[in-house]
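One structure below.
The values are calculated or read from the model by the stated rules, or taken from the named source; none is laboratory data. Not measured: the values here are computed from a predicted model. Counting neighbours? That spans all protein chains shown, and the Cβs are built from the backbone with ideal geometry, glycine included.
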Amino acid sequence: MLQLWLAGLVRRVQWRILGTIFGVAITVALLTSLGSYISSSTHSLTRRAIAHVPVDWQIELAPGTNPSEVRKALLRTTDVLAVQLVGYAGIAGLSTAAHGTTQTTASGKALGIGSHYFADFPSELRVLTGSSQGVLLMQQTAANLHATVGDRISLLRVGLAPVVVHVDGIVDLPQADSLFQAVGLPSNAAPQAPPDNVVVLPETLWHRFFDRQASLRPDSVRIQLHVRISHALPSSPTAAYTAVTDRAKNLEARVTGGATVGNNLGAQLLSTQADALYASVLLWFLGIPGATLAAILTITIAAVGRRRQALEQALLRVRGARSAQILQLAVAEAAVVAIGGVALGAIAGWVIVGALGISLAPVWTGIALFVGALLALGTMIVPAWLQSRETTVVAARSTVERHERSLWERVYLDAILLIVAAVVFWQTANTGYQVVVAPEGVPQTSVQYAVFLAPFCLWLGAALIALRLIRGSLSRASNTVTSLLRVSAGNLAPLVAASFARQSHLLAKGVVLVMLAFSFALSTALFNTTYNAQSRVDAQLTNGADVTVQTHVPFTSVASFRSRLSGLPDVRATALMQHRLAYVGNDLQDFYGIDSRTLAQATTISNAFFANGNAAATLNSLATNPDGVLVSQETATTYELHPGDPINLRLQWPSDHRYHVVPFRFLGVVREFPTAPKDSFIIANADYVARTTTSAAASIALLRVSGSPSATAAQARKLLESVPGVQVTDIETATREISASLTSVSLAGLTALELSFAVVFVVATSGLILGLSFAERRRMYAILCALGARDNQLRAFLWSEGALLLIVGSAAGCALGVALAHILVAVLTGVFDPPPEGLAVPWAYIAVLFALAVAGTGVAVGNAVAVMKRSVTQTIREL
Amino acid sequence: MGALVPDVNQQIVARAANVKKVFQTAETRTVAVDQASCEVAIGDRIALIGPSGSGKSTLLQLLGGLDDPTEGRVSWPLWPDRSDLRPRHIAFVFQMPSLLEPLSVLENVEAPLLLLGQVKDARARARTILREVGLEGIADKLPEQISGGQAQRVAFARALAARPQLILADEPTGQLDHATALSFLDAVFAALQSESTALVVATHDESIAGRLKRQWHISHGVLQAL
């Protein structure tokens, strides 16, 4: 019996069975690939975040501790890749005599490093000019002292006579904050600013100069071990953090108070926890609707054949079959679907994961297979069980709905959900909340799941209200509906409207399914496109432009500098910026002189860069006010500045290397700017700065290129290879190197994955569901044919239904998709740096999506007409 | 059977000449109609008698242009445009319920008129026919809300709607008890009394066949006219 039944199913309803298998396969494939992607992304996020930690551990030795003992304990604690002893000595200042004047700085630090330090920890120090060995002076200190390579400088030791050294090189300390951190302070202590004046000495020289100072003033000298450990850590940042922290504590316990570990690696992993959570939230935010839609699609495909199934079961019951026997048949059918769907989905998932270049996550694969099997069994056995208890042959044969209002309709759940969505969104978006919370000083991050409520309620509420409205509109078969249907059905409009009215529930479900498919496609496409565009803005902000040239020694011949760079192939625009240092009160800040009229030609100036949210107006204001200046919010607040207020800055004049007061006028607040640091900085007009400081020298060039930025960067490097201290960077490299922020999570793979699935959903809902629905109602169309309906009339009947699904579903889906994308961007605003000004629209994808949806509908209609013409007598024989 | 001798004074609405219909699958070959020749003239009342599986339905479908013969030719001398046969000239009534289930009784009867583009008069004409066959009381009901006998009468009313000149009824009383079947036929004949419409009724019930003027017998696809 079982074999006969299954053979019959395969012969007679193979398309429905295949359709359901297809739905299960999509669900399994989506969950497998999405889960594997999340797993891989988290692993990659962890790996990339810790790859750029300059020094994993800075182990500060207590006075009197023998470094060798700590080193031994360290080797017993963990796998060590490199260890360097570093001396930190406080100095009262540095001084130099040049050009007939003596310059003396404030207090600073003298570092003592071994000869292999550069090799072991390459990102701590960057040589700008001169040698990497010998006495190295920090760039800012060199500027303060007006010293350069070859100059003699005095180190003013604490409690000892000054010592004189020759400067061998000028260096930058990109990781100064962590390099000079106060190890052992509680995590909630205020961060300490790194010293303004630093000199780096060879280890032997440092010991010669400061061993005595350590005896006299032990508080002014400390010793650290800088350590790089093995990064063979768990893939989850939380687990990796725990592992690293445990090892650090273990070391501290082994040396019993002899050393304190400054755990930079742990701190990085801690901050990555939030990023990883953000990444998971982001991926789930985008992925869960897809998986849900796949499940709904499967349920709908299975439901398309429910009437036939009910009829068959009712006939079996009439012939004496027991409920258990009927259920056995349903279980057999479900097993075929489950095995087929799960196998096909697993293969598809494996192929997709391979195409994305990631590895299959076993846990996620298991979950996906389980969900797929559950879905197949649930969607086929539960309805069969319900039907086996209730259905009569007459009731089963009916195609006309006996729809009673569901509970959700009676209690207006749809309206309630939409109101909840609006209130939650309004509240969360206006109270400066964060999706991922990383409380200060607490080594744990968490997700505010409440923020999911707004998009979830909107999604569900919109689907339900669409169901209510569409069914309500169709069930009345009003003159409006009939008039609209005349466009597609012509004379048959009254019949089509009447048919729609009696099947309004079924049709409304179809429309809502199409709507959900379109909303998924659109919200995903809009969010991902916006995200990718914003990642590029982020990279551009970090790098400054497509290609950025920065020099340690400013170019005084500005015109020549510009023309040389402009002459490079593919360079479309060039803008020069002055980079100086300026005192605002006692605070030394980066100062940028720009040409506000031409800067935007060479780089992207976002509205989000400015507090007033208007880049064009701000730059225009700067252009019309020569002495205008833009400062950070912190500076504006500290000095209680209001637009138009005069502000005096102290700028260094190249002629005498002294700081002179230059009057400016405060115009507004700048938050971010190309090449500028994240904290305080100042923007002013380059012409005014050149006039008041008697120098137009520029040290930054921003290039907009039409070709490959990295290729132009290579050419620029070659062009400027003879110039000392030149650094050329490009946006492609910057994008790859941004590792500390969430935008480093590449959505490219996920975008491809989701957009492909979205296309499948749209085509499946608009074409497959329609096709299966036509097949299930072929009796009605066969009667129409027998009555004498011509091809065009049959087509009009079918197209009316197709058009209803396509037009109403896609329009409602687009509206919902845009709304969801807006909410996603607002809710996940922490992902973006800077936040986007609007949604980026992928027009080409949307056009392809619509074209495929129309094609899917067209194929379904065309196929139904062809089948009907071919088999009308066969169908009639079955009447 | 031998060729029928046509009455040249009658107008022929459907003619089958040496028609053969074979249904072939990979495993089986079934000759449903074998070398059948027949003619239906205006005003004819013909009973097509034969047991189940004898080829009645297939012959009716061939005569109604629903299917094409494997051999031979079916023609409609009065209506050269085959695409215009149904519902303008020929209508079907089937054995099983054949009403469009999402549509009401009135809309079902209206359907052939709308297919013909007679939008303005469709509703009025449908109501008239329903009144004539005594079904105006169920005009707004759905097919599932009426009895089998009523459904067949509605199907017949629908067949009449476009004033066809040939109605092909495939065992229209097959699902009805004998009394209801006779009552149905009474209603049919009453409705057709003033019409020149030809009627071919496939049946295996001799008593029903006896109420029609002419009888054709078909067995194993071979047609014999009496």
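Couple of notes before you dig in:
- Pairs, first free of Cβ contacts under 8 Å to residues at least 24 places away in the same chain and more than 7 Å from chain B (Cβ to nearest Cβ) in the range A:494-505, second among the hydroxyl-bearing types (Ser, Thr, Tyr) and not in a helix (DSSP H, G or I), C-beta under 9 Å, six or more apart: A:ALA497/A:SER478
- Here B:LYS120 passes the criteria (1) touching a helix residue (DSSP H, G or I) at 6+ places or on another chain (Cβ under 7 Å); (2) farther than 30 Å from B:VAL31 by Cβ; (3) within 13 Å of chain A (Cβ to nearest Cβ) except the one numbered (1).
- Every residue from the range A:506-516 that is more than 14 Å from chain B (Cβ to nearest Cβ) and in contact with an Asp or Glu (Cβ under 9 Å, 6 or more places away or on another chain): A:GLY510
- Here B:ASP81 meets the list (1) modelled with pLDDT under 90; (2) over 30 Å from B:HIS204 (Cα atoms); (3) at the interface with chain A (Cβ under 10 Å from one of its Cβ atoms) almost entirely, failing just condition (3).
- Looking across A:PHE832, A:PHE797, one residue alone is within 14 Å of chain B (Cβ to nearest Cβ), in contact (Cβ under 8 Å) with a residue 40 or more places away in the chain and among the aromatic types (Phe, Trp, Tyr). It is A:PHE797.
- The single condition among (1) modelled with pLDDT under 80; (2) part of a loop (DSSP other than H, G, I, E, B); (3) not β-branched (Val, Ile, Thr) that A:GLY257 does not satisfy is (1).
- Candidate set: the range B:96-113, residues that are buried (at least 24 other Cβ atoms within 10 Å of the Cβ) and of a type in the set (D, E, K, R); chosen: the one nearest to the other protein chains (Cβ to nearest Cβ): B:GLU107
- Failed item in (1) crowded, with 18+ Cβ neighbours inside 10 Å; (2) within 23 Å of A:ALA373 (Cα to Cα), with A:GLU312 passing the rest: (2)
- Considering residues of the range A:470-493 that are more than 14 Å from chain B (Cβ to nearest Cβ) and among the charged types (D, E, K, R) only, the residue farthest from A:LEU806 (Cα to Cα): A:ARG476
- Restricting the first member to the range A:356-371 and to residues that are within 12 Å of A:SER41 (Cα to Cα) and at pLDDT 85 or above, and the second to residues that are among the aromatic types (Phe, Trp, Tyr) and surrounded by fewer than 20 Cβ atoms within 10 Å (Cβ to Cβ), no beta-carbon pair is closer than 6 Å while six or more apart or on different chains.
- Selection count where residues are farther than 17 Å from A:GLY585 by Cα and surrounded by fewer than 20 Cβ atoms within 10 Å (Cβ to Cβ), scope the range A:654-668: 4
- Condition met for A:LEU641 (in contact with a strand residue (DSSP E or B) (Cβ under 8 Å, 6 or more places away or on another chain), crowded, with 22+ Cβ neighbours inside 10 Å, within 30 Å of A:PRO836 (Cβ to Cβ) and in contact (Cβ under 8 Å) with a residue 24 or more places away in the chain): no
- Checking each residue of the range A:758-770 against the condition of being closer than 22 Å to A:LEU495 by Cβ, touching a Ser or Thr at 6+ places or on another chain (Cβ under 7 Å) and more than 13 Å from chain B (Cβ to nearest Cβ) gives at least one match.
- When A:THR445 is tested against (1) among the hydroxyl-bearing types (Ser, Thr, Tyr); (2) closer than 24 Å to A:ILE296 by Cα; (3) at pLDDT below 75, exactly one condition is not met: (2).
- Residue-level analysis places B:LEU130 outside the set of residues that are within 9 Å of chain A (Cβ to nearest Cβ) and crowded, with 22+ Cβ neighbours inside 10 Å.
- Boolean, A:LEU374 is surrounded by fewer than 19 Cβ atoms within 10 Å (Cβ to Cβ), at pLDDT 90 or above and more than 27 Å from the chain's Cα centre (by Cα): yes
- Residue that is nearest to the chain's Cα centre (by Cα), among those in the range A:63-92 that are surrounded by 15 or more Cβ atoms within 10 Å (Cβ to Cβ) and assigned to a loop (DSSP other than H, G, I, E, B): A:THR78
- Residues that are free of Cβ contacts under 8 Å to residues at least 12 places away in the same chain and closer than 22 Å to A:SER280 by Cα, drawn from the range A:235-262: A:ALA239, A:THR242, A:ALA243
- Selection from the range B:48-65 of residues that are more than 15 Å from B:PHE23 (Cα to Cα), of a type outside the set (Gly, Ala, Ser) and within 11 Å of another protein chain (Cβ to nearest Cβ): B:LEU60
- Among all residues of the range A:836-854, there is none that is within 30 Å of B:ALA159 (Cβ to Cβ), hydroxyl-bearing (Ser, Thr, Tyr) and either out of contact with any strand residue (DSSP E or B) (no Cβ under 7 Å at 6 or more places or on another chain) or part of a helix (DSSP H, G or I) (or both).
- Matching entry among A:THR256, A:THR300 (being buried (at least 23 other Cβ atoms within 10 Å of the Cβ) and polar (S, T, N, Q)): A:THR300
- Residue among B:ALA41, B:ALA91, B:ALA16 that is buried (at least 22 other Cβ atoms within 10 Å of the Cβ), hydrophobic (A, V, I, L, M, F, W, C), at negative phi and away from chain A (no Cβ under 14 Å): B:ALA16
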